[in-house]
Amino acid sequence: MSRIGNNPVTIPEGVTVDIKEGTITVKGKLGELTQEYSAVEIKIEDAQVFVTRPSDAKEHKAKHGLYRSLIKNMIEGVSKGWTKQLELVGVGYRASNQGQKLDLALGFSHNIVIDLAPEVQIETISEKGKNPIIKLTSFDKQLVGQVAAKIRSFRKPEPYKGKGVKFVGEQLRRKAGKSA
């Protein structure tokens, strides 16, 4: 029995949910998201979305909780939005942005310039004495996570000094250096 799939998702004010054969569309103040679905039934009753499965087959069980979580993330995204923050740890590591272009100096011989999707808002915070922070905001949770993972992949944190691009609040596994 799926515990997550059985919970209803409440629809806040200002958010509309449309269900048409095989697709669900969620519109809110921040944007609009569409998701295709299969192997489950989705119903809307008094400002709540219910996801049910037709049988206890393995495929139906697997998709029951998945689609409920996707719908919850879509509703929360168009009403509140999603934010990821990345921290650049290292001497000379810098980040700046002009519009949707992110310019990263990560210790390579050249700067890395990335064009971001228009759905993602970017903000770079550089304070003296603190590590630069990149703040990504969007209504699409999947897109924000994908962009953040791509930026992190340019220079992953290394285990000895912790230098690299890491998520704010991420705990790194540190290793002891050479013992003399």
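The values are calculated or read from the model by the stated rules, or taken from the named source; none is laboratory data. Note that the coordinates shown come from a computational prediction; the quantities given were computed from them, not determined experimentally. Don't worry about glycine lacking a Cβ; one is built from the backbone with ideal geometry, like all the others, and counts go over all protein chains shown. Only protein heavy atoms, including side chains, enter the accessible area calculation; ligands, DNA and RNA are left aside. Shrake-Rupley method; radii C 1.70, N 1.55, O 1.52, S 1.80 Å.
The table that follows gives values for the structure above.
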item	result
Simple spin-label estimate for E36 and K150 in nanometres, 7 Å along Cα-Cβ	2.2
For V168, distant residues with modelled amide H under 5 Å away	Q85, L86, E87
Portion, in percent, of the accessible area of the stretch 77-180 that falls on carbon or sulfur, probe 1.4 Å	50
Tensor-based shape of the stretch 1-99 (alpha-carbon gyration tensor, a/c under 1.5 rounded, otherwise prolate or oblate)	prolate
Per residue accessible area in Å² of the chain, where ligands, DNA and RNA are left out and the probe is 1.4 Å	63
Linear extension gain, T10 paired with E127, 0.36 nm per residue minus alpha-carbon span	38.1 nm
27 Å Cα-Cα reach of K178 towards lysines, excluding residues that sit fewer than 8 places from it in its own chain	K156, K161, K163, K166
Normalised per residue, the volume of the convex hull around the Cα set of the chain (Å³)	169
Cβ-placed point charges (K, R +1; D, E -1), dipole of the stretch 49-106 about Cα centre in debye, nearest 20	200
Dipole axis of the chain (+1 Lys, Arg; -1 Asp, Glu on Cβ), positive-most option in I19, G5, Y37	G5
Principal-axis tilt of helix 141-153 within the chain, Cα atoms, nearest 10 degrees	20
Straight-distance crosslink candidates among lysines, where the alpha carbon sits under 20 Å from K80 and sequence neighbours closer than 8 are dropped	K27, K29, K72, K135, K141
Principal-axis tilt of helix 58-79 within the chain, Cα atoms, nearest 10 degrees	70
